[in-house]
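What follows is calculated from the coordinates using simple rules that are stated; it is not laboratory data. Just so you know, these numbers come straight off a predicted model, no measurement behind them. FYI the Cβ positions are ideal-geometry reconstructions off the backbone, even for glycines, and counts take in every protein chain you see.
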Amino acid sequence: MMRKVGLFVIGAAVAKVFFVDISGLEGLTRVFSLLVLGLSLAGLAWLNRWAQEQVEPKPE
């Protein structure tokens, strides 16, 4: 349940960034902002996968 709530909050934050914050930027600033956003999301995905493995270890 908490994982779904967390994913919803992250999704809402990403939507806000795309629709509100990025609209005020131009050129390279927009490019670098989206690059950082993408890297942040990739890092969060890795962290989520790592945390899931800590809670539910793989069967041997």
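For Leu25, nonlocal amide neighbours, meaning residues 5 or more places apart or on other chains whose placed amide H falls under 5 Å from its own, do not occur. Taking the C-alpha atoms only, the angle from helix 2-16 to the longest principal axis of the chain is near 10 degrees. Between the labelled values [x] 15.2, 51; [y] 12.2, 40; [z] 13.6, 47, the entry that holds Rg and Dmax of the Cα atoms in Å as derived from this structure is [x]. The distance between label points at Trp46 and Arg30 comes to 2.9 nm (points 7 Å beyond Cα on the Cα→Cβ vector). Any chance you could give the angle, 0 to 90 degrees and rounded to 10, that helix 27-55 forms with the longest Cα principal axis of the chain? That works out to roughly 10 degrees.
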